Amino acid sequence: MPIFAYKAMDHAGHTVRGEMDAINIVDLEMRLKRMELDFINGAPTRRHFAVGGQVPVRERIHFCFHLEQLTRAGVPLIEALADLRDSTEHPRFREIIASVVESIEGGRTLSQALAEQSRVFDGVFCALIRAGEASGNLPDVLRELTESLKRQDELTSFTKKLLIYPSIVAMVTVAAVFVAMIFVVPELSRLFRSTGQQLPLQTQILVALSDFMVAWWPAVIIGVAAAGTGLVMAIATSPRAAYRWDRSKLAAPLFGDVYRKIILSRFASLFAMMYASGISIIDTVRVAQDVVGNRAVRNALERVEQLIAEGHNVTAAFSASGLFPPLVIRMLRVGEHTGSLEQALHNVSYFYDRDVRESIGRLQAALEPLLILILGALMLWVALSVLGPIYDVITKMKI
């Protein structure tokens with residue numbers, strides 16, 4: 001469906017500009033009218049309606065929470081969505097809800113209407129809504145989605161908090177070393193050479209690195225940029241390169257174990273929620289494969305799906321994948337034997353949520369002294385390489 005850039009006016013007389021998908025100008029005018037906006041003009045735009053990354057998670061949390069409250073109170077779905085559309089302040093999300101209302105008025109179900117907005121509502125979200133519609137417990141499913149999105153938002157905040165400090169320290173260190181190598185060390189190297197004294201090995205290495213950076217720093221920057229671009233293009237175009245990259249992230253020192261736990265925490269939470277909503281295990285594993293975000297883990301889950309389809313039980317299938325620790329496998333085995341697999345899956349989800357928080361806390365506590373130690377060692381090496389020859393020069397001058 002094409003995207004139109006439009007200009008409209010609200011009841012207060014204020015001009016509103018935005019973009020919306022529509023079949024044609026007439027359809028655009030009708031959609032704006034349902035949003036209580038008076039159409040002024042509009043034209044197709046070639047820019048894609050890439051709203052997936054532009055709609056915050058908190059908007060979807062509010063959407064699920066308010067829709068759950070309204071449907072539980074007995075408000076008809078169309079009226080509930082219309083209220084959400086009118087109360088949403090985010091302009092793009094308001095347009096998305098308006099499109100959902102339009103689709104439902106055209107005869108589609110809520111899950112079908114949401115599936116048309118796949119950049120915002122992923123396959124898991126739509127599958128859960130579909131299960132809620134089929135079972136008649138849509139408010140309960142919306143409540144579970146609200147809690148799941150909150151957990152994902154908290155997990156994202158924890159991850160960002162973990163990466164901010166190392167990123168800042170790394171950038172400051174690289175900038176300081178670059179400035180020292182380009183501007184400071186060359187001046188000192190002229191002083192050392194003018195004295196004609198024999199330089200220590202560490203000073204010779206520092207001067208050689210500085211000479212290389214001064215002569216080739218444009219090539220170094222271009223080379224690093226080209227290597228980064230080549231890596232990104234290889235990951236985007238080559239499945240084998242993408243698979244190896246994802247495996248290397250799982251095996252990375254310090255961060256790899258936490259990254260794997262974050263992925264498994266997301267998977268366990270979604271798996272438990274979808275199974276509790278009445279979705280079959282095979283469908284649950286298949287849909288969850290699209291949200292793990294790692295090809296190595298996805299391949300393991302495809303193996304799990306295959307084993308379950310061949311008749312293996314859940315415990316045996318997950319044990320053969322090699323993804324989950326023995327404690328998690330034991331939880332699943334007990335759940336299967338006692339007939340409480342749903343509770344076992346919720347326990348697994350709780351286990352990983354707690355483990356991720358503790359792992360991130362431990363890693364964050366260990367990173368700060370480690371980075372200070374690395375930075376201190378680097379500064380100490382530079383200081384010894386520079387101050388040693390300077391001290392020798394001053395001593396000779398006194399003599």
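Read the figures in this text as sums done on the coordinates, not as results from a lab. Only a predicted model underlies this, so the values are computations on that prediction, with no experimental measurement involved. Backbone-built Cβ (ideal geometry, glycine too); neighbour counts: all protein chains shown.
Observations, loosely collected:
- For P139: the one exception among (1) assigned to a helix (DSSP H, G or I); (2) in contact with a Phe, Trp or Tyr (Cβ under 8 Å, 6 or more places away or on another chain); (3) over 19 Å from I96 (Cα atoms): (2)
- Every condition in (1) exposed (fewer than 14 other Cβ atoms within 10 Å of the Cβ); (2) touching a helix residue (DSSP H, G or I) at 6+ places or on another chain (Cβ under 8 Å) is met by F351 except one, and the failing one is (1).
- Set A309, A296, A288, A276: member being loosely packed, with under 15 Cβ neighbours inside 10 Å and touching a residue at least 24 places away in the same chain (Cβ under 8 Å): A309
For every residue, the table says whether it meets (1) closer than 30 Å to P325 by Cα; (2) in contact with a helix residue (DSSP H, G or I) (Cβ under 7 Å, 6 or more places away or on another chain).
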{"residue": "V172", "(1), (2)": "no, no"}
{"residue": "A176", "(1), (2)": "no, no"}
{"residue": "F183", "(1), (2)": "no, no"}
{"residue": "R190", "(1), (2)": "no, no"}
{"residue": "L201", "(1), (2)": "no, no"}
{"residue": "Q204", "(1), (2)": "no, no"}
{"residue": "M213", "(1), (2)": "no, yes"}
{"residue": "G223", "(1), (2)": "no, no"}
{"residue": "P239", "(1), (2)": "yes, no"}
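- Looking across segment 132-169, the residues that are among the aliphatic types (A, V, I, L, M), surrounded by fewer than 21 Cβ atoms within 10 Å (Cβ to Cβ) and in contact (Cβ under 8 Å) with a residue 60 or more places away in the chain come down to A134, L149, L155, L162, V169.
Matching residues to (1) in a loop (DSSP other than H, G, I, E, B); (2) over 30 Å from the mean Cα position of the chain (by Cα); (3) within 17 Å of F267 (Cα to Cα); (4) not acidic (D, E):
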site	(1), (2), (3), (4)
V328	no, no, yes, yes
R333	no, yes, no, yes
H337	no, yes, no, yes
Q343	no, no, yes, yes
Y350	no, no, yes, yes
G361	no, no, no, yes
A366	no, no, no, yes
M379	no, yes, no, yes
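- Residues in segment 112-131 that are surrounded by fewer than 20 Cβ atoms within 10 Å (Cβ to Cβ) and of a type in the set (S, T, N, Q): Q112, S118.
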